Amino acid sequence: MSSGNNSSNLKADSITTMLELALPNAHALAVMILIAVALVLFARDDIPLETTSLVVIVLLTVGFQLFPFEMDGRSVNPSEFFLGFGNRALIAVCALMIVGQGMIRTGALEPVGRLLARLWRRGPVISLLLTLLITGVLSAFINNTPIVVLMLPIMIGVAMKTGISSSGSLIPMGFASILGGMATTIGTSTNLLVVNVAADLGMERFNMFDFMPPVLIAGTFALLYLWLIAPRLIPERQAPMSRGVSRIYTAQIKLNEDSPVVGKSLAEAITRAGDGINVETIERGKGVFINPLPDVTLRAEDRLTTSDTQTNLREHARILGGTLFSGDHEVDASHPLSTLGMQIAEVAITPASRLNGTRIGNAQLFSRYGLRLLAFARFEGMEGRESPGLDEVRLRNGDVLLIQSSPENLSALKESSDFLVLDGSISLPRTRKAPIALLTIASVVALAAFRIMPIEISALLGSLTLIVTGCLNWKEAMNALSTQVILIIVSSLAMGSALLQTGGADYLANAFVSITFGAPAPAVMMGLMLMMGVLTNVVSNNAAAVIGTPIAIGIAQRLGMPLEPFVLAVLFGANLSFVTPMAYQTNILIMNAGGYKFGDFVRVGLPLAIMLWLVLSGVLIWAYGL
């Protein structure tokens, strides 16, 4: 009888659980649908992440304003979804971005770069190990994007000078930066979000180095893999664009007396040339210049200044009935076209670039930066496309541009946060402010590590110190911030809050436990980490982490287990951004800069992610006695 009763009770509990799972309230269901749609949109390249994030915030606030919700005697205030803009995790992320920018701007890491550059010329194998170690250690305390931005030109420059392919080193270096970021609470924005969301939900706050031991254990295996095995898995890849692309020359087309466009408007002349000519100035007499407006009537002896390849310039001169001049001389065998010391270089669009999402035709590359675009490459099969016909292409993080400019402009470009010069020909910055920046970052870490003040306060103090001491000006500090990161964090926090307040988090936690019904706690925890690892490779890792944290706490509470291992499962899983190039912004930068294919990341990243999942899970199970 007792056995029969127990069986009946289990069936009754199971039926009750299934009924509960089948009947979420309407608001919770709407929030879950919104989250699912948002995660899908986050994975799309044709919709800016900022747009998706803003849509999420607007839908949540407007939705709860028009359709009020009350639970357990408390109504949801739609304005609470704006609190993410003042969240301490976001403050810390932004302040640490500024501190990291100060490290780069002042050249505080310049000795590291020069040391690695010298070592790579002597012993590539040992140098790769040192590069991985240094990258990992630095990324534990500084946002890994500026670390990768520092390392890429060094490694590509050394490869160009020594003739050693960079294919086997760039992906391991990028993965080492992600691995290092897992080790501390400030290593990545994902870590900060998980730690703060968990603390807001009542869990004891993690200290800076609390979860470093499991990362060190797993990281040892990962480091050996990245050093000894990963380079052998990567086929040799070529740079994304050939150096054989035609250079751009600037010349003048002097209209002859019998030119067919004399007496015609400039617009008619451009149409006659096939719309392929861009007239920069019109010189009418010595030192007299006319704005190249479409309705300007052209006269004989007018000189039209334009820039193009040699072949195109000669063709334009033939069609317009003019003679090519370079300076005061007619272009001939004795006076050929000249680029006047111009250099060709490859530059990449950085994650923090203001040009992200801007059409090439509207980017004003020449007027703003003095750059002439020769060719463009993107990993999605747009390799080596030359500049004509690219005006409508929107620039993205990681796009590689082959440009021509003066050495002075290229040197100035090194100081810009919009571009990353890839060929390593431009020297690293070095300033007298570097010691101040180093002392600042050390103080920020020490103040937080010894619990003198929270990281959001110490990082904000560090940002102020860099500005007051002249290590950064306000423009540079603001350029360090990413609108995309800020809006993703705010929208993720809003979705997480809505999920909690409507009971959606509890519902999903119950659903997860029910799906794994009967499985031991270690298996449930491993499943949670695996799920986060899959999500982080296809959607925003910050969004996945913020949404996953309250679900993890709900799962642990339902199983009667300690909260820490389940929260760490979310944190570690959200950092397993190795399998796809879109999983992390530095992956895309490395992919385009190194000319890699999508499959290269899968080939190297999938074994690494599986290894880390198994080792980290094992360490958490052992450490917390699950």
Quiz prompt | Cα centre as origin, Lys/Arg/Asp/Glu Cβ charges: the chain dipole, Debye | solution = 1400
Self-check item: Degrees, to the nearest 10: 598-624 long Cα axis against longest axis of the chain
Solution: 30
Quiz item: So for the pair N291, D210, with labels modelled 7 Å out along Cα→Cβ, what separation do we get in nm?
Solution: 6.3
Quiz item: For the chain, with the dipole built from +1 on Lys and Arg beta-carbon atoms and -1 on Asp and Glu ones, taken about the Cα centre, which of I154, P550, L422 lies farthest toward the positive end?
Solution: I154
Self-check item: Cα→Cβ-extended label distance, 7 Å offset, between M478 and A511, nm
Solution: 4.3
Quiz item: Based on the Cα atoms of the range 460-567, what semi-axes does the equivalent ellipsoid have, where each is the square root of 5 times one gyration tensor eigenvalue, given in whole Å with the largest first?
Solution: 37, 14, 13
Quiz item: If contacts are Cα pairs under 8 angstrom and at least 6 residues apart, what is the relative contact order of the chain in percent?
Solution: 20
Quiz item: For the range 477-552, what is the relative contact order in percent, using Cα pairs closer than 8 Å and at least 6 residues apart in sequence?
Solution: 48
Exercise. Show me 191-201, 278-288 ranked by packing, highest mean number of other Cβ atoms within 10 Å first.
Key: 191-201, 278-288
Exercise. Provide the gained length on full extension for the span L129 to A412, in nm with one decimal, where the gain is 0.36 nm per separating residue minus the Cα-Cα distance.
Key: 98.7 nm
Practice problem: Working from Cα positions, state the angle (0 to 90°, nearest 10) between the long axis of helix 483-501 and the longest principal axis of the chain. | Solution: 20
Quiz prompt | Counting all C-alpha pairs of the range 89-150, share separated by more than 15 Å (%) | solution = 54
Self-check item: Cα Rg over Rh - the range 249-330, Kirkwood
Solution: 0.91
Exercise. Can you tell me how much longer the chain between T281 and F221 gets when fully stretched, taken as 0.36 nm per residue apart minus their C-alpha distance, in nm with one decimal?
Key: 15.4 nm
Quiz item: 222 nm [θ] for the chain, helices only, -39500 (n - 2.57) per DSSP H run of 4+, per residue, to 500?
Solution: -18000 deg cm²/dmol
Exercise. Quick one: pull the percentage of alpha-carbon pairs in the chain with a separation above 38 Å.
Key: 41
Quiz item: Whole-Hz Karplus ³J(HN,Hα) for the range 346-358, in order, using 6.51 cos²θ - 1.76 cosθ + 1.60 and θ = phi - 60°, x for Gly and Pro?
Solution: 9, 10, 10, 6, 7, x, 8, 5, 6, 8, 4, x, 8
Exercise. Can you grab the distance from the C-alpha centre of the range 507-546 to the C-alpha centre of the range 104-163, Å, no decimals?
Key: 36
Self-check item: Of L528, F69, L109, farthest towards positive along the dipole that unit charges on Lys, Arg, Asp, Glu beta carbons give the chain
Solution: L109
Practice problem: Measure out, as a whole number of angstrom, how far apart the alpha-carbon centroids of the range 291-326 and the range 265-284 sit. | Solution: 7
Self-check item: Solvent-free Debye scattering, log10 I(q)/I(0), computed from the Cα coordinates of the range 541-605 at q = 0.16, 0.20, 0.26, 0.28 Å⁻¹
Solution: -0.61, -0.75, -0.98, -1.07
Quiz item: What's the angle, to the nearest 10 degrees (0 to 90), between helix 212-224's Cα axis and the longest principal axis of the chain?
Solution: 50
Self-check item: Spin-label model distance (nm) - L83 vs E268, 7 Å beyond Cα toward Cβ
Solution: 7.0
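No lab work stands behind these numbers, since they all come straight from the coordinates. Here the structure is a predicted model, which means the values were calculated and not measured. For neighbour counting, all protein chains shown are included, and Cβ atoms are generated from backbone atoms with ideal geometry for every residue, glycine included.
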